[in-house]
1. So for the range 37-54 (the condition being closer than 12 Å to Ala5 by Cβ, surrounded by 13 or more Cβ atoms within 10 Å (Cβ to Cβ), in contact with a Phe, Trp or Tyr (Cβ under 9 Å, 6 or more places away or on another chain) and not small (Gly, Ala, Ser)), does at least one residue qualify?
2. Quick check on my filter: what residues within the range 39-62 are over 10 Å from the mean Cα position of the chain (by Cα) and small (Gly, Ala, Ser)?
3. Given the conditions (1) modelled with pLDDT of 95 or more; (2) of a type outside the set (A, V, I, L, M, F, W, C); (3) not in a strand (DSSP E or B), report the number of the one that Lys45 does not fulfil.
4. Which members of the range 1-23 meet the condition of being outside any loop (DSSP other than H, G, I, E, B), among the small types (Gly, Ala, Ser) and farther than 24 Å from Val67 by Cβ?
5. When the residues of the range 1-32 are narrowed to those that are of a type in the set (A, V, I, L, M, F, W, C) and surrounded by fewer than 11 Cβ atoms within 10 Å (Cβ to Cβ), which ends up modelled with the lowest pLDDT?
6. Residue by residue through the range 19-68, note down the ones that are in contact with a helix residue (DSSP H, G or I) (Cβ under 6 Å, 6 or more places away or on another chain) and of a type in the set (D, E, K, R).
7. For the range 1-28, which positions are within 16 Å of Arg58 (Cα to Cα) and aliphatic (A, V, I, L, M)?
Amino acid sequence: MNEVAKIIEISAASPHSLEDAVQSGLRKVAVTIDKIQGAWVSDIKVRTTPGGDITEWRACLRVSFIVD
């Protein structure tokens, strides 16, 4: 039997770290999508204060999962 995968794009954010943004995004997607196979970060962004301190990490992710 052949498998077919689908890829969706999501954006996730965290005030703590890039890793936390990615992890929280994947956990949120896993609530409604089964059989997640992996993800890759396609873009990284940050929000900053006027002084240059990072206030939020943002990750754009492509998440792949198996389609039944």
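The values are calculated or read from the model by the stated rules, or taken from the named source; none is laboratory data. Computed from a predicted structure; not experimentally measured. All Cβ positions, glycine included, derive from the backbone under ideal geometry; neighbour counts span all protein chains shown.
1. No, the conditions are met nowhere in the range 37-54.
2. Within the range 39-62, Gly51, Gly52 meet the criteria.
3. Failing condition for Lys45: (3).
4. Correct list: Ala13, Ser14, Ala21.
5. Met1
6. None - no residue of the range 19-68 is in contact with a helix residue (DSSP H, G or I) (Cβ under 6 Å, 6 or more places away or on another chain) and of a type in the set (D, E, K, R), so the list stays empty.
7. Within the range 1-28, Ile10, Ala12, Ala13, Leu18, Ala21, Val22, Leu26 meet the criteria.
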